[in-house]
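Beneath this line is the structure, given in structure tokens, with notes to follow.
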Amino acid sequence: MHSIVQQQKEWFNEGHTKSYAFRKEQLQRMKKMLNTFEKPIINALKFDLNKSEFESYAAEIAFLKTEIDHHLKHLKQWMAPKKVKTPLTHTGSKNYVYKEPYGTVLIIAPWNYPVQLALAPVIGAIAAGNTVIIKPSELTPTVSWVLKKMIDQYFSPQFITVVEGDKEVTQELLDQPLDYIFFTGSVPVGKIIMEKASKQLIPVTLELGGKSPVIVHKDANIDLAAKRIVWGKFTNAGQTCIAPDYMFVHHEVKASLIKEMKKYIHQFYGEKPLENEEYVKIVNQQHFDRVSSYLDSGTVVAGGGLDEKKQRIEPTILDQVTWEDPVMKDEIFGPILPVLTYENLYEVIDQVNQRPKPLALYYFGDNGEDQKLITESISYGGGCINDTLYHIINPHLPFGGVGESGIGSYHGESSFYTFTHEKGITKQTTRFDQNFRYPGSALGLAIIKKIIG
Ligand code: NAD
């Protein structure tokens with residue numbers, strides 16, 4: 001580990017990564033890599049998670065290509081030093097913000113979108129001029145292997161390398177003198193990463209998880225809400241960090257919403273989702289056992305079936321759930337949607353605000369005042385009004401959590417700035433000197449008071 005980091009640091013210090021031409025070429029190279037490895041990526045995702053070609057292409061490969069294109073389009077402008085205003089006290093000088101790469105970045109990825117979540121931060125990191133070490137998840141080993149193979153083929157190890165392994169490997173990496181750590185994963189592991197990073201004061205971005213609510217108010221378009229919630233919740237079998245974790249529904253529309261949701265579950269996944277060859281599996285036995293244990297909470301009103309051999313859990317809706325049930329204690333991260341009922345929106349705001357700040361929140365309802373009330377009364381990472389998940393694929397929006405759901409953000413310009421140190425520089429004139437700041441200046445204090453007030 002030590003020599004990998006040392007090699008990258010030396011190469012960085014030699015200045016190879018800093019020019020616009022180099023960064024642009026590497027982004028283009030990454031796009032080529034994705035084209036060449038499209039089939040192996042899709043096959044690996046099928047093997048590890050039973051992802052369909054559609055889900056793999058749309059949520060992993062296409063996402064990355066869009067992100068690369070967005071970076072290529074704006075990189076020159078982002079990289080340019082930014083001239084800022086010169087206050088009276090600085091008369092004669094010019095003032096700039098320089099965009100400086102950190103150096104060697106460690107990116108630690110989870111297993112649920114194992115290609116996208118490993119490479120999307122890499123795009124930002126190399127656009128910003130850093131070298132990168134990627135640590136993919138050991139729970140999707142085929143994808144991890146493909147990642148290593150394609151990165152090795154397209155990039156030199158001094159610039160980008162993949163280190164495969166489990167938490168011991170990660171811990172060893174975290175002991176190295178890194179310049180930045182970008183972690184995507186669970187809240188408990190996020191705490192371990194931050195603690196480790198603090199030993200060397202290494203800056204971190206933490207993209208974490210938690211319980212993200214979806215709220216359906218009585219004036220919502222129920223049919224559309226049902227369709228978009230079923231899509232957002234059961235995509236990737238609920239193993240999506242920003243999937244609606246649980247649902248608050250106004251009591252007047254609960255019955256019709258659940259009825260419509262059942263219709264869309266059948267429309268998207270067939271009458272027997274467990275037999276649908278394109279339905280994503282739960283990543284391993286441990287997670288299968290954990291998620292299926294939630295079926296004991298509340299009352300099953302849709303789905304509820306299991307196939308232990310194939311590690312699949314049917315798209316499931318649980319009614320009659322309370323905050324005391326196990327399913328409401330931790331992030332579900334599986335295809336089970338518990339339902340809570342409410343009378344007025346203030347109850348919802350109060351209950352969400354009593355808990356850790358969610359990574360995402362979705363509100364369905366037509367009234368603009370209510371939309372504003374929810375957006376402004378609850379702190380959460382980001383989300384949608386009248387949709388689910390869609391905010392994540394707009395490269396113009398920062399993506400990240402707040403409070404327990406994360407620190408920092410990325411995607412598009414936010415990625416560039418995440419991996420960039422903004423260095424403030426005053427370029428002073430030598431044509432004259434303003435003596436008021438020096439000790440012994442008779443008028444110094446009077447001038448400072450006049451300028452500053
Ligand atoms: P995880 O925290 O178990 O693992 C993430 C990474 O950390 C893996 O590479 C793993 O090898 C490593 N790791 C695990 N234990 C470690 C330890 N003790 N020390 C050092 N490294 C360790 O998360 P996961 O199960 O892979 O992913 C699911 C979680 O990630 C969910 O909570 C989900 O919400 C969250 N997530 C968040 C986002 C986001 O963008 N905010 C995206 C996807 C997933």
Taking Rh as the Kirkwood radius computed over C-alpha pairs, what is the Stokes-Einstein D of the range 37-152 at 10 °C in a medium of viscosity 1.306 mPa s, expressed in µm² per second?
98
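May I ask you to list the GluC sites (Glu not before Pro) in the range 1-89 that are in a DSSP loop and have at most 15 other Cβ atoms within 10 Å of their Cβ?
The qualifying sites are GLU14.
What does the highest-first list of 376-387, 422-433 look like by mean Cβ count within 10 Å?
376-387, 422-433
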Which is farthest toward the positive dipole end of the range 392-453 among GLY406, ALA442, PRO395, measuring Cα position about the Cα centre, with Cβ charges +1 (Lys, Arg) and -1 (Asp, Glu)?
ALA442
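What's the long-distance tail for the range 364-418, i.e. % of Cα pairs beyond 15 Å?
For the range 364-418, the share of Cα pairs beyond 15 Å comes to 56 percent.
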Mean separation of Cα contacts under 8 Å (at least 6 apart) over the residue count of the chain, i.e. the relative contact order in percent, is 18
Per-pair calculated FRET efficiency, R0 = 35 Å: ILE393 and LYS82 via Cβ, rounded to 0.05:
0.80
Taking 0.36 nm per residue of sequence separation and subtracting the Cα-Cα distance, how much length would be gained by fully extending the chain between GLN171 and ASN95, in nm to one decimal?
23.3 nm
If the cut-off is a Cα-Cα distance under 12 Å, which aspartates and glutamates reach LYS73, setting aside same-chain residues fewer than 8 apart in sequence?
GLU413
Pair GLN6, ILE448: separation of 7 Å Cα→Cβ label points (nm)
4.8
Find, among the GluC sites (Glu not before Pro) in the range 235-340, those assigned to loop by DSSP (not H, G, I, E, B) with at most 15 other beta-carbon atoms within 10 angstrom.
GLU252, GLU271, GLU277, GLU278, GLU308, GLU324
For the range 213-400, the Cα-Cα pair-distance distribution in 5 Å bins from 0, as whole percents, is 1, 8, 17, 22, 21, 16, 9, 4, 1, 0
Where q = 0.14, 0.27 Å⁻¹, what log10 of I(q)/I(0) comes from the Debye formula for the range 390-453, counting one point per Cα?
-0.65, -1.16
Ranked from fewest to most other Cβ atoms within 10 Å of their own Cβ, SER56, SER156 fall in the order SER156, SER56
State the antiparallel share, in %, of DSSP beta bridges confined to the chain, rounding to the nearest 5.
35
Antiparallel DSSP bridges in the range 213-400: what percent, to the nearest 5?
20
Ranked from fewest to most other Cβ atoms within 10 Å of their own Cβ, LEU49, LEU75 fall in the order LEU75, LEU49
In units of 2.2 N^0.38 Å, what is the alpha-carbon radius of gyration of the range 217-301?
1.15
Between ASP219 and PHE432, what FRET efficiency follows from the Cβ-Cβ distance if R0 is 45 Å, with the result rounded to 0.05?
0.10
So between LYS39 and ILE192, what do we pick up on full extension, going 0.36 nm a residue minus the alpha carbon distance?
51.5 nm
Hey, what's the per residue convex hull volume over the C-alpha atoms of the chain, in cubic angstrom?
175
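So if we plug the beta-carbon distance of ASN344 and GLN28 into 1/(1 + (r/R0)^6) with R0 = 35 Å, what FRET efficiency do we get, rounded to 0.05?
According to the calculation, E is roughly 0.05.
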With a Cα-only, solvent-free Debye model of the range 116-180, what are the log10 I(q)/I(0) values at q = 0.13, 0.28 Å⁻¹?
-0.34, -1.42
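Bear in mind these aren't lab numbers, they're just calculated from the coordinates by the rules spelled out. Values in this document were obtained by computation on a predicted structure and should not be read as measured data. Please note: Cβ atoms are built from the backbone with ideal geometry, for glycine as well, and neighbour counts cover all protein chains shown.
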